Amino acid sequence: MEIFKYLEKYDYEQVVFCQDQQSGLKAIIAIHDTTLGPALGGTRMWTYASEEAAIEDALRLAKGMTYKNAAAGLNLGGGKTVIIGDPRKDKNEAMFRAFGRYVQGLNGRYITAEDVGTTVADMDLIHEETDFVTGISPAFGSSGNPSPVTAFGVYRGMKAAAKEAFGSDSLEGRVVAVQGVGNVAYTLCQYLHEEGAQLIVTDINKEAVNRAVEAFGALAVDPDEIYGVECDIYAPCALGATINDETIPQLKAKVIAGSANNQLKDTRHGDIIHEMGIVYAPDYVINAGGVINVADELYGYNQERAMKKVEQLYTTIETVIEISKRDGIPTYVAADRMAEERIARIRNSRSQFLQNGHHILSHRISR
Ligand SMILES: NC(=O)c1ccc[n+]([C@@H]2O[C@H](COP(=O)([O-])OP(=O)(O)OC[C@H]3O[C@@H](n4cnc5c(N)ncnc54)[C@H](O)[C@@H]3O)[C@@H](O)[C@H]2O)c1
Ligand SMILES: CC(C)C[C@H](N)C(=O)O
(Lines give C-alpha, C1' and ligand atoms only; values in the text may rest on other atoms or scores of the structure.)
(Ligands and ions follow the chains in the order given, each with its own letter.)
Protein backbone atom coordinates (compact mmCIF):
# COMPACT_ATOMS: atom_id res chain seq x y z
CA MET A 1 0.00 0.00 0.00
CA GLU A 2 1.35 3.42 -0.95
CA ILE A 3 0.09 5.09 2.16
CA PHE A 4 0.59 8.77 1.29
CA LYS A 5 -1.15 8.26 -2.05
CA TYR A 6 -4.11 6.78 -0.19
CA LEU A 7 -4.10 9.57 2.42
CA GLU A 8 -4.04 12.17 -0.34
CA LYS A 9 -6.82 10.49 -2.31
CA TYR A 10 -9.30 10.63 0.56
CA ASP A 11 -7.77 13.65 2.30
CA TYR A 12 -6.72 12.10 5.62
CA GLU A 13 -5.05 14.38 8.14
CA GLN A 14 -2.95 12.04 10.25
CA VAL A 15 -2.08 8.42 10.97
CA VAL A 16 -0.34 7.42 14.20
CA PHE A 17 1.36 4.05 14.68
CA CYS A 18 1.61 3.08 18.35
CA GLN A 19 3.94 0.33 19.55
CA ASP A 20 4.66 -0.86 23.07
CA GLN A 21 6.73 -4.01 23.24
CA GLN A 22 6.15 -4.75 26.91
CA SER A 23 2.36 -4.93 26.65
CA GLY A 24 2.22 -6.09 23.03
CA LEU A 25 0.35 -2.99 21.88
CA LYS A 26 0.26 -2.50 18.15
CA ALA A 27 -2.30 0.16 17.29
CA ILE A 28 -3.09 2.48 14.44
CA ILE A 29 -4.96 5.72 15.09
CA ALA A 30 -6.34 7.26 11.92
CA ILE A 31 -7.65 10.82 11.94
CA HIS A 32 -9.58 11.62 8.80
CA ASP A 33 -10.99 15.11 9.14
CA THR A 34 -11.33 17.57 12.02
CA THR A 35 -13.19 20.39 10.27
CA LEU A 36 -16.22 19.99 12.51
CA GLY A 37 -14.31 19.34 15.73
CA PRO A 38 -12.04 16.78 17.38
CA ALA A 39 -12.08 13.36 15.75
CA LEU A 40 -14.28 10.98 17.74
CA GLY A 41 -14.35 7.28 16.91
CA GLY A 42 -14.04 3.95 18.62
CA THR A 43 -11.17 1.53 19.12
CA ARG A 44 -11.52 -1.84 17.41
CA MET A 45 -9.49 -4.85 18.50
CA TRP A 46 -9.30 -7.57 15.89
CA THR A 47 -7.04 -10.31 14.53
CA TYR A 48 -6.11 -8.92 11.13
CA ALA A 49 -4.75 -11.15 8.37
CA SER A 50 -1.98 -8.61 7.73
CA GLU A 51 -0.74 -5.21 8.88
CA GLU A 52 -1.97 -3.79 5.60
CA ALA A 53 -5.48 -5.06 6.33
CA ALA A 54 -5.37 -3.36 9.74
CA ILE A 55 -4.22 -0.04 8.27
CA GLU A 56 -6.89 -0.22 5.61
CA ASP A 57 -9.58 -0.94 8.20
CA ALA A 58 -8.47 1.96 10.42
CA LEU A 59 -8.52 4.34 7.44
CA ARG A 60 -11.89 3.23 6.11
CA LEU A 61 -13.47 3.31 9.55
CA ALA A 62 -12.03 6.77 10.32
CA LYS A 63 -13.47 8.24 7.13
CA GLY A 64 -16.78 6.61 7.98
CA MET A 65 -16.73 8.41 11.33
CA THR A 66 -16.22 11.79 9.60
CA TYR A 67 -19.36 11.17 7.58
CA LYS A 68 -21.26 9.65 10.50
CA ASN A 69 -20.57 12.54 12.84
CA ALA A 70 -21.33 15.11 10.15
CA ALA A 71 -24.61 13.47 9.09
CA ALA A 72 -25.66 13.12 12.74
CA GLY A 73 -25.23 16.87 13.21
CA LEU A 74 -22.41 16.46 15.73
CA ASN A 75 -19.63 19.01 16.06
CA LEU A 76 -17.04 16.29 15.72
CA GLY A 77 -14.59 15.08 13.13
CA GLY A 78 -13.80 11.48 12.24
CA GLY A 79 -11.14 9.11 13.50
CA LYS A 80 -10.76 5.51 14.55
CA THR A 81 -8.24 3.16 16.10
CA VAL A 82 -7.52 -0.46 15.45
CA ILE A 83 -5.52 -2.55 17.88
CA ILE A 84 -4.04 -5.64 16.27
CA GLY A 85 -4.72 -8.70 18.43
CA ASP A 86 -7.29 -11.20 19.62
CA PRO A 87 -9.67 -9.51 22.05
CA ARG A 88 -10.27 -12.85 23.80
CA LYS A 89 -6.58 -13.61 24.43
CA ASP A 90 -4.28 -10.65 23.93
CA LYS A 91 -5.74 -7.91 26.16
CA ASN A 92 -3.92 -6.68 29.24
CA GLU A 93 -4.05 -3.65 31.51
CA ALA A 94 -0.68 -2.29 30.40
CA MET A 95 -1.76 -2.42 26.75
CA PHE A 96 -4.79 -0.17 27.23
CA ARG A 97 -2.86 2.18 29.51
CA ALA A 98 -0.07 2.47 26.94
CA PHE A 99 -2.70 3.17 24.31
CA GLY A 100 -4.29 5.78 26.61
CA ARG A 101 -0.96 7.61 26.77
CA TYR A 102 -0.82 7.71 22.98
CA VAL A 103 -4.34 9.16 22.91
CA GLN A 104 -3.32 11.74 25.53
CA GLY A 105 -0.35 12.63 23.33
CA LEU A 106 -2.78 13.82 20.66
CA ASN A 107 -4.03 16.37 23.17
CA GLY A 108 -7.71 16.18 22.22
CA ARG A 109 -7.41 15.93 18.43
CA TYR A 110 -8.76 12.38 18.86
CA ILE A 111 -11.30 11.05 21.38
CA THR A 112 -11.89 7.33 21.63
CA ALA A 113 -14.71 4.94 22.68
CA GLU A 114 -15.75 1.29 22.20
CA ASP A 115 -15.94 -0.63 18.97
CA VAL A 116 -15.85 -4.32 18.07
CA GLY A 117 -13.60 -6.18 20.52
CA THR A 118 -13.41 -3.47 23.19
CA THR A 119 -15.52 -2.88 26.29
CA VAL A 120 -16.36 -0.34 28.97
CA ALA A 121 -13.69 -1.99 31.18
CA ASP A 122 -11.08 -1.35 28.48
CA MET A 123 -12.19 2.29 28.23
CA ASP A 124 -11.82 2.61 32.01
CA LEU A 125 -8.19 1.50 31.68
CA ILE A 126 -7.60 4.08 28.93
CA HIS A 127 -9.21 6.64 31.23
CA GLU A 128 -6.43 6.00 33.77
CA GLU A 129 -4.16 7.86 31.33
CA THR A 130 -6.37 10.32 29.48
CA ASP A 131 -9.65 12.21 29.63
CA PHE A 132 -10.04 11.90 25.86
CA VAL A 133 -12.12 8.74 26.13
CA THR A 134 -15.90 8.28 26.26
CA GLY A 135 -18.11 5.28 27.01
CA ILE A 136 -16.38 4.70 30.35
CA SER A 137 -18.25 3.51 33.46
CA PRO A 138 -21.35 5.56 34.36
CA ALA A 139 -19.83 5.98 37.85
CA PHE A 140 -17.51 8.58 36.27
CA GLY A 141 -20.50 10.53 34.91
CA SER A 142 -20.12 8.80 31.57
CA SER A 143 -22.69 7.23 29.25
CA GLY A 144 -21.33 3.68 29.60
CA ASN A 145 -21.75 1.02 26.91
CA PRO A 146 -22.96 2.64 23.64
CA SER A 147 -24.23 -0.59 22.05
CA PRO A 148 -27.83 -0.58 23.40
CA VAL A 149 -28.23 3.01 22.22
CA THR A 150 -26.83 2.15 18.79
CA ALA A 151 -29.43 -0.63 18.69
CA PHE A 152 -32.23 1.83 19.48
CA GLY A 153 -31.07 4.07 16.63
CA VAL A 154 -30.93 1.15 14.20
CA TYR A 155 -34.44 0.13 15.26
CA ARG A 156 -35.73 3.67 14.63
CA GLY A 157 -33.96 3.90 11.27
CA MET A 158 -35.22 0.47 10.26
CA LYS A 159 -38.80 1.59 10.89
CA ALA A 160 -38.31 4.65 8.66
CA ALA A 161 -36.86 2.47 5.88
CA ALA A 162 -39.71 -0.03 6.28
CA LYS A 163 -42.23 2.78 5.87
CA GLU A 164 -40.70 3.61 2.50
CA ALA A 165 -40.58 0.00 1.34
CA PHE A 166 -43.89 -1.33 2.72
CA GLY A 167 -46.00 1.80 3.25
CA SER A 168 -46.08 1.29 7.03
CA ASP A 169 -43.39 1.54 9.65
CA SER A 170 -44.87 -1.25 11.74
CA LEU A 171 -42.50 -4.19 12.02
CA GLU A 172 -45.15 -6.51 13.38
CA GLY A 173 -45.08 -9.74 11.38
CA ARG A 174 -42.05 -8.60 9.33
CA VAL A 175 -39.29 -11.14 8.92
CA VAL A 176 -35.89 -9.70 9.80
CA ALA A 177 -32.65 -11.57 9.01
CA VAL A 178 -30.03 -10.50 11.51
CA GLN A 179 -26.37 -11.21 10.73
CA GLY A 180 -24.23 -11.24 13.89
CA VAL A 181 -26.06 -11.20 17.21
CA GLY A 182 -23.44 -9.41 19.28
CA ASN A 183 -23.72 -6.38 21.53
CA VAL A 184 -25.78 -4.17 19.23
CA ALA A 185 -27.85 -6.82 17.50
CA TYR A 186 -28.96 -8.56 20.69
CA THR A 187 -30.69 -5.38 21.89
CA LEU A 188 -31.97 -4.73 18.36
CA CYS A 189 -33.54 -8.20 18.40
CA GLN A 190 -35.18 -7.29 21.70
CA TYR A 191 -36.87 -4.22 20.16
CA LEU A 192 -37.91 -6.21 17.08
CA HIS A 193 -39.24 -9.11 19.13
CA GLU A 194 -41.24 -6.73 21.35
CA GLU A 195 -42.86 -5.25 18.24
CA GLY A 196 -43.78 -8.70 16.92
CA ALA A 197 -41.19 -9.18 14.18
CA GLN A 198 -40.01 -12.69 13.32
CA LEU A 199 -36.29 -13.15 13.59
CA ILE A 200 -33.83 -15.23 11.59
CA VAL A 201 -30.35 -15.01 13.10
CA THR A 202 -26.83 -16.13 12.44
CA ASP A 203 -23.43 -15.72 14.07
CA ILE A 204 -20.05 -17.42 13.94
CA ASN A 205 -20.34 -17.63 17.72
CA LYS A 206 -22.77 -20.46 18.59
CA GLU A 207 -23.43 -19.09 22.10
CA ALA A 208 -24.62 -15.79 20.65
CA VAL A 209 -27.00 -17.65 18.35
CA ASN A 210 -28.38 -19.82 21.14
CA ARG A 211 -29.02 -16.78 23.31
CA ALA A 212 -31.15 -15.19 20.57
CA VAL A 213 -32.98 -18.45 19.83
CA GLU A 214 -33.86 -18.90 23.49
CA ALA A 215 -34.78 -15.29 24.25
CA PHE A 216 -36.70 -14.39 21.08
CA GLY A 217 -37.67 -17.69 19.47
CA ALA A 218 -35.41 -16.77 16.55
CA LEU A 219 -34.76 -19.23 13.76
CA ALA A 220 -31.01 -19.95 13.44
CA VAL A 221 -29.24 -20.44 10.12
CA ASP A 222 -25.59 -20.99 9.15
CA PRO A 223 -23.51 -17.84 8.53
CA ASP A 224 -23.41 -18.18 4.74
CA GLU A 225 -27.15 -18.92 4.51
CA ILE A 226 -28.33 -15.59 5.92
CA TYR A 227 -28.18 -13.69 2.62
CA GLY A 228 -30.58 -15.97 0.80
CA VAL A 229 -33.27 -16.48 3.45
CA GLU A 230 -36.86 -15.40 2.70
CA CYS A 231 -37.23 -12.16 4.64
CA ASP A 232 -38.43 -8.56 4.45
CA ILE A 233 -35.39 -6.92 6.02
CA TYR A 234 -31.71 -7.84 6.06
CA ALA A 235 -29.91 -6.40 9.10
CA PRO A 236 -26.12 -6.66 8.74
CA CYS A 237 -24.79 -6.33 12.29
CA ALA A 238 -21.43 -8.14 12.11
CA LEU A 239 -18.48 -6.80 10.15
CA GLY A 240 -18.27 -4.78 6.93
CA ALA A 241 -18.38 -5.47 3.16
CA THR A 242 -21.20 -8.01 3.33
CA ILE A 243 -23.08 -6.32 0.48
CA ASN A 244 -21.00 -7.50 -2.45
CA ASP A 245 -21.04 -9.33 -5.78
CA GLU A 246 -21.54 -12.74 -4.16
CA THR A 247 -24.28 -11.79 -1.71
CA ILE A 248 -26.43 -9.35 -3.71
CA PRO A 249 -27.84 -11.98 -6.11
CA GLN A 250 -28.97 -14.02 -3.10
CA LEU A 251 -30.86 -11.21 -1.34
CA LYS A 252 -34.65 -11.47 -1.03
CA ALA A 253 -35.03 -8.53 1.36
CA LYS A 254 -36.68 -5.25 0.33
CA VAL A 255 -34.86 -3.30 3.04
CA ILE A 256 -31.26 -3.33 4.25
CA ALA A 257 -30.90 -1.74 7.67
CA GLY A 258 -28.27 -2.79 10.20
CA SER A 259 -25.54 -1.61 12.51
CA ALA A 260 -22.37 -2.77 10.76
CA ASN A 261 -19.92 -0.17 9.53
CA ASN A 262 -18.87 -0.10 5.85
CA GLN A 263 -21.59 -2.49 4.68
CA LEU A 264 -21.06 -1.86 0.96
CA LYS A 265 -17.94 -3.63 -0.26
CA ASP A 266 -17.66 -0.98 -2.92
CA THR A 267 -19.80 2.04 -3.77
CA ARG A 268 -21.00 0.33 -6.95
CA HIS A 269 -22.78 -2.22 -4.75
CA GLY A 270 -24.85 0.67 -3.42
CA ASP A 271 -25.80 1.49 -7.02
CA ILE A 272 -26.77 -2.11 -7.74
CA ILE A 273 -29.09 -2.48 -4.74
CA HIS A 274 -30.63 0.91 -5.56
CA GLU A 275 -31.42 -0.30 -9.08
CA MET A 276 -32.94 -3.46 -7.60
CA GLY A 277 -35.37 -1.24 -5.65
CA ILE A 278 -33.99 -2.22 -2.24
CA VAL A 279 -34.35 0.53 0.37
CA TYR A 280 -30.88 0.85 1.87
CA ALA A 281 -30.52 2.76 5.13
CA PRO A 282 -26.91 4.01 4.82
CA ASP A 283 -24.75 2.36 7.49
CA TYR A 284 -23.18 5.41 9.05
CA VAL A 285 -26.50 7.23 9.27
CA ILE A 286 -28.51 4.44 10.88
CA ASN A 287 -25.76 3.31 13.26
CA ALA A 288 -24.97 6.76 14.69
CA GLY A 289 -26.85 6.16 17.97
CA GLY A 290 -23.74 5.09 19.87
CA VAL A 291 -21.65 8.04 18.84
CA ILE A 292 -24.53 10.46 19.47
CA ASN A 293 -24.78 8.99 22.96
CA VAL A 294 -21.06 9.16 23.82
CA ALA A 295 -20.75 12.62 22.23
CA ASP A 296 -23.32 13.90 24.71
CA GLU A 297 -20.67 13.40 27.41
CA LEU A 298 -18.84 16.41 26.01
CA TYR A 299 -21.75 18.54 27.30
CA GLY A 300 -22.15 16.67 30.60
CA TYR A 301 -24.04 13.45 29.89
CA ASN A 302 -27.83 13.63 29.94
CA GLN A 303 -29.46 10.35 28.98
CA GLU A 304 -32.85 11.83 28.14
CA ARG A 305 -31.33 14.44 25.81
CA ALA A 306 -29.13 11.80 24.14
CA MET A 307 -32.02 9.35 23.59
CA LYS A 308 -34.18 12.12 22.07
CA LYS A 309 -31.42 12.83 19.56
CA VAL A 310 -31.06 9.14 18.76
CA GLU A 311 -34.82 8.79 18.28
CA GLN A 312 -34.48 11.44 15.56
CA LEU A 313 -32.53 8.99 13.39
CA TYR A 314 -35.97 8.04 12.08
CA THR A 315 -36.27 11.52 10.57
CA THR A 316 -32.67 11.52 9.36
CA ILE A 317 -33.27 8.29 7.42
CA GLU A 318 -36.50 9.79 6.03
CA THR A 319 -34.53 12.84 4.87
CA VAL A 320 -31.89 10.69 3.17
CA ILE A 321 -34.63 8.74 1.37
CA GLU A 322 -36.31 12.01 0.30
CA ILE A 323 -33.05 13.39 -1.14
CA SER A 324 -32.46 10.07 -2.90
CA LYS A 325 -35.91 10.20 -4.53
CA ARG A 326 -35.77 13.91 -5.30
CA ASP A 327 -32.37 13.72 -7.00
CA GLY A 328 -32.72 10.20 -8.40
CA ILE A 329 -29.61 8.98 -6.60
CA PRO A 330 -28.91 5.99 -4.35
CA THR A 331 -29.37 6.60 -0.63
CA TYR A 332 -25.66 6.16 0.09
CA VAL A 333 -24.91 9.05 -2.29
CA ALA A 334 -27.65 11.16 -0.69
CA ALA A 335 -26.12 10.57 2.75
CA ASP A 336 -22.61 11.41 1.50
CA ARG A 337 -23.91 14.67 0.01
CA MET A 338 -25.65 15.59 3.24
CA ALA A 339 -22.44 15.05 5.23
CA GLU A 340 -20.11 16.66 2.70
CA GLU A 341 -22.31 19.75 2.35
CA ARG A 342 -22.28 20.28 6.11
CA ILE A 343 -18.50 19.92 6.33
CA ALA A 344 -18.02 22.32 3.41
CA ARG A 345 -20.37 24.90 4.98
CA ILE A 346 -18.43 24.88 8.24
CA ARG A 347 -15.07 24.86 6.49
CA ASN A 348 -16.08 27.94 4.49
CA SER A 349 -17.52 29.77 7.48
CA ARG A 350 -14.15 29.46 9.23
CA SER A 351 -12.51 31.83 6.74
CA GLN A 352 -12.71 34.67 9.29
CA PHE A 353 -9.95 34.65 11.86
CA LEU A 354 -11.05 34.41 15.48
CA GLN A 355 -8.58 34.30 18.33
CA ASN A 356 -9.12 30.90 19.90
CA GLY A 357 -7.53 31.18 23.31
CA HIS A 358 -3.98 30.30 22.32
CA HIS A 359 -2.44 33.76 22.19
CA ILE A 360 -0.81 34.00 18.82
CA LEU A 361 2.07 36.09 20.16
CA SER A 362 2.46 34.13 23.40
CA HIS A 363 5.87 32.79 22.41
CA ARG A 364 7.43 36.28 22.34
CA ILE A 365 9.36 37.19 25.41
CA SER A 366 9.97 40.82 26.23
CA ARG A 367 13.64 41.45 26.78
N1 LIG B 1 -21.25 -1.06 19.39
C2 LIG B 1 -21.69 0.06 18.89
O3 LIG B 1 -22.20 0.94 19.58
C4 LIG B 1 -21.60 0.28 17.41
C5 LIG B 1 -21.90 1.55 16.88
C6 LIG B 1 -21.88 1.73 15.51
C7 LIG B 1 -21.54 0.68 14.67
N8 LIG B 1 -21.25 -0.53 15.21
C9 LIG B 1 -20.92 -1.61 14.29
O10 LIG B 1 -21.90 -2.64 14.42
C11 LIG B 1 -21.30 -3.92 14.22
C12 LIG B 1 -21.53 -4.80 15.45
O13 LIG B 1 -20.97 -4.17 16.58
P14 LIG B 1 -21.05 -4.85 18.04
O15 LIG B 1 -20.55 -3.83 18.98
O16 LIG B 1 -22.38 -5.46 18.23
O17 LIG B 1 -19.94 -5.96 17.87
P18 LIG B 1 -19.91 -7.42 18.53
O19 LIG B 1 -18.52 -7.91 18.34
O20 LIG B 1 -20.50 -7.45 19.88
O21 LIG B 1 -20.91 -8.24 17.57
C22 LIG B 1 -20.58 -8.66 16.29
C23 LIG B 1 -21.05 -10.11 16.16
O24 LIG B 1 -20.87 -10.50 14.81
C25 LIG B 1 -20.41 -11.84 14.81
N26 LIG B 1 -19.75 -12.11 13.53
C27 LIG B 1 -18.53 -11.73 13.09
N28 LIG B 1 -18.32 -12.15 11.84
C29 LIG B 1 -19.45 -12.80 11.46
C30 LIG B 1 -19.86 -13.45 10.28
N31 LIG B 1 -19.07 -13.55 9.21
N32 LIG B 1 -21.11 -14.00 10.24
C33 LIG B 1 -21.91 -13.93 11.32
N34 LIG B 1 -21.57 -13.33 12.46
C35 LIG B 1 -20.36 -12.78 12.55
C36 LIG B 1 -19.50 -11.94 16.03
O37 LIG B 1 -19.32 -13.27 16.44
C38 LIG B 1 -20.27 -11.09 17.03
O39 LIG B 1 -21.16 -11.85 17.81
C40 LIG B 1 -19.82 -3.62 13.92
O41 LIG B 1 -19.64 -3.53 12.54
C42 LIG B 1 -19.58 -2.26 14.56
O43 LIG B 1 -18.52 -1.55 13.97
C44 LIG B 1 -21.27 -0.76 16.54
C1 LIG C 1 -19.45 4.60 20.02
C2 LIG C 1 -18.59 5.03 19.02
C3 LIG C 1 -17.86 6.26 19.26
C4 LIG C 1 -18.08 4.31 17.92
C5 LIG C 1 -18.91 3.21 17.35
N6 LIG C 1 -18.20 1.99 17.47
C7 LIG C 1 -19.23 3.55 15.91
O8 LIG C 1 -18.75 2.93 14.99
O9 LIG C 1 -20.01 4.45 15.68
For Ser143, only one of the following conditions fails: (1) open to solvent by 60 Å² or more (accessible area, probe 1.4 Å); (2) under 30 Å from Gly100 (Cβ atoms); (3) part of a loop (DSSP other than H, G, I, E, B). What is its number? (1)
Return a yes/no flag: does the stretch 42-50 have any residue that is more than 15 Å from ligand 1 (Cβ to nearest atom) and at pLDDT 95 or above. yes
If I filter the stretch 111-129 down to residues being among the hydroxyl-bearing types (Ser, Thr, Tyr) and either without any contact (Cβ under 8 Å) to a residue 12 or more places away in the chain or within 11 Å of ligand 2 (Cβ to nearest atom) (or both), which single residue comes out as surrounded by the fewest Cβ atoms within 10 Å (Cβ to Cβ)? Thr118
Within the stretch 146-182, restricting to residues that are part of a loop (DSSP other than H, G, I, E, B), more than 16 Å from ligand 2 (Cβ to nearest atom) and open to solvent by less than 20 Å² (accessible area, probe 1.4 Å), the one that is farthest from Thr202 (Cα to Cα) is Leu171
How many residues, within the stretch 11-23, are under 26 Å from the mean Cα position of the chain (by Cα) and either within 15 Å of Leu106 (Cβ to Cβ) or assigned to a strand (DSSP E or B) (or both)? 8
Quick one: count up the residues across the stretch 79-108 that are closer than 19 Å to Ile55 by Cβ and in a loop (DSSP other than H, G, I, E, B). 5
I want to confirm something. Restricting to the stretch 200-232 and keeping residues that are touching a Phe, Trp or Tyr at 6+ places or on another chain (Cβ under 9 Å) and within 24 Å of Glu246 (Cβ to Cβ), which single residue is surrounded by the most Cβ atoms within 10 Å (Cβ to Cβ)? Val201
With respect to Asp169, is the statement that it is over 22 Å from Asn302 (Cβ atoms) and within 20 Å of the chain's Cα centre (by Cα) true? no
Pick from Ala62, Ala94, Ala121, Ala53: which is away from ligand 1 (no atom under 15 Å from the Cβ) and of a type in the set (Gly, Ala, Ser)? Ala94
Looking for something over 23 Å from Glu225 (Cβ atoms) and at pLDDT 95 or above - is there at least one such residue anywhere in the stretch 254-267? yes
Just one of the numbered conditions (1) open to solvent by less than 10 Å² (accessible area, probe 1.4 Å); (2) more than 15 Å from ligand 2 (Cβ to nearest atom); (3) not in a helix (DSSP H, G or I) is not true of Cys189; which one? (3)
Any chance the stretch 129-136 includes a residue that's outside any loop (DSSP other than H, G, I, E, B) and under 24 Å from Ile292 (Cα atoms)? yes
Subset of the stretch 24-55, residues part of a loop (DSSP other than H, G, I, E, B), open to solvent by 10 Å² or more (accessible area, probe 1.4 Å) and either within 16 Å of ligand 2 (Cβ to nearest atom) or closer than 19 Å to Pro87 by Cβ (or both), comes to Gly24, Thr34, Leu36, Gly37, Pro38, Thr47, Tyr48, Ala49, Ser50
Need at least 1 residues that are among the polar types (S, T, N, Q) and in contact (Cβ under 8 Å) with a residue 40 or more places away in the chain per element, so show me which helices (runs of 4 or more DSSP H) inside the stretch 247-304 make the cut, counting only ones lying wholly within it. 267-275, 289-295
Residue that is nearest to the chain's Cα centre (by Cα) [pool: residues in the stretch 265-278 that are among the aliphatic types (A, V, I, L, M) and open to solvent by 20 Å² or more (accessible area, probe 1.4 Å)]: Ile272
Regarding Asp245, is this residue in contact with a helix residue (DSSP H, G or I) (Cβ under 9 Å, 6 or more places away or on another chain), of a type in the set (Asp, Glu) and closer than 24 Å to Thr202 by Cα? yes
Hydrophobic (A, V, I, L, M, F, W, C) and open to solvent by 10 Å² or more (accessible area, probe 1.4 Å): which single residue out of Ala253, Ala238, Ala281, Ala288 fits that description? Ala238
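The values are calculated or read from the model by the stated rules, or taken from the named source; none is laboratory data. All figures in this text were calculated on a predicted structure; none of them were measured in a lab. Note: ideal-geometry Cβ built from the backbone for every residue, glycine included; neighbour counts use all protein chains shown. The area values use the complete protein model at the heavy-atom level, side chains included, leaving out ligands, DNA and RNA. Shrake-Rupley method; radii C 1.70, N 1.55, O 1.52, S 1.80 Å.
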